[in-house]
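In what follows, a single structure is set out as structure tokens and then discussed.
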Amino acid sequence: MRTTHTAVNRTVLGATGLALLLAGSWLAATDRTLTPHLPSWWPTAGTGTVLLDPDRLARLRGEGWWTPTVMAASIGLTVLLALWTLGQLRTGSARRLALPSPGCTVRPQALAEALAARAAAVPGVARGHARVLPRRGRRLEVELRVWLAPDTSPDAVLPALRAVTAEADAAATPYTAHTRLRLSATSHRAPHVR
């Protein structure tokens, strides 16, 4: 769901930015000092041109199809934006995961906190952070980020981290977990004193 949200957000943002860029470029082309420097294929507006001609707008309002079309487009756009906004507010971590024992559930956030604490307890790991995102079809997407202590090689901690992720897979038994592990190094710099 998070990937879908990101893709939709970027698409909407890109389309809005492109529309504003094109509109701004077209409006900038109406400037007399800029018009001679534009390529011949660039659509330019004449001097004194307005975006909405009052006479043409009055004629359109007189047509029988104009008002229902504008109303339907406005309502449709409002409903789409409202649904998009509600989709942004909904998170996958609010629901509970059912465990094999009857009546037992676990929050994805609790599972993530336990996984992060277990990863941080591995020797050579400075700290850890985890996210557990439920997906359709009894699937979990697990993102585990680990910061290594200074002078610790990834080879030294990978076997223990594999064991930690295997424990997490076993803890979420009816679900299949797809784990992505990201290793980072902590800074060697000493804190500055002022």
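The values are calculated or read from the model by the stated rules, or taken from the named source; none is laboratory data. Model, not experiment: these values are computed from the prediction. When we count neighbours, we look across all protein chains shown, and the Cβ atoms used for this are built from the backbone with ideal geometry, even at glycine. Side chains included, ligands, DNA and RNA excluded: accessible areas come from the protein's heavy atoms. Shrake-Rupley method; radii C 1.70, N 1.55, O 1.52, S 1.80 Å.
Screening residue 170 on (1) closer than 21 Å to residue 104 by Cα; (2) of a type in the set (A, V, I, L, M, F, W, C); (3) surrounded by 12 or more Cβ atoms within 10 Å (Cβ to Cβ) shows it passes everything except condition (3). Considering the range 55-72, and only residues there that are in a loop (DSSP other than H, G, I, E, B) and open to solvent by 80 Å² or more (accessible area, probe 1.4 Å), the residue that is modelled with the lowest pLDDT turns out to be 63. Of all residues in the range 143-188, those that are among the hydroxyl-bearing types (Ser, Thr, Tyr) and assigned to a helix (DSSP H, G or I) total 1.
Taken over the range 125-142, the criterion of being over 19 Å from the mean Cα position of the chain (by Cα), small (Gly, Ala, Ser) and part of a strand (DSSP E or B) is satisfied by 126, 128. Of all residues in the range 100-115, those that are closer than 13 Å to residue 168 by Cβ and either surrounded by fewer than 19 Cβ atoms within 10 Å (Cβ to Cβ) or in contact (Cβ under 8 Å) with a residue 40 or more places away in the chain (or both) total 6.
Among residues of the range 17-44 being of a type in the set (S, T, N, Q) and open to solvent by 70 Å² or more (accessible area, probe 1.4 Å), the one that is modelled with the lowest pLDDT is 44.
Residues considered: 2, 10. Of these, the only one that is in contact with a strand residue (DSSP E or B) (Cβ under 9 Å, 6 or more places away or on another chain), of a type outside the set (Val, Ile, Thr) and either surrounded by 10 or more Cβ atoms within 10 Å (Cβ to Cβ) or at pLDDT below 85 (or both) is 2. Scanning the range 108-124 for any residue that is under 16 Å from residue 180 (Cα atoms) and not in a helix (DSSP H, G or I) turns up nothing. For the range 178-194, a residue qualifies if it is under 21 Å from residue 119 (Cβ atoms) and either more than 34 Å from the chain's Cα centre (by Cα) or at pLDDT 70 or above (or both), and the qualifying residues are 178, 179, 180, 181, 182, 183, 184, 185, 186.
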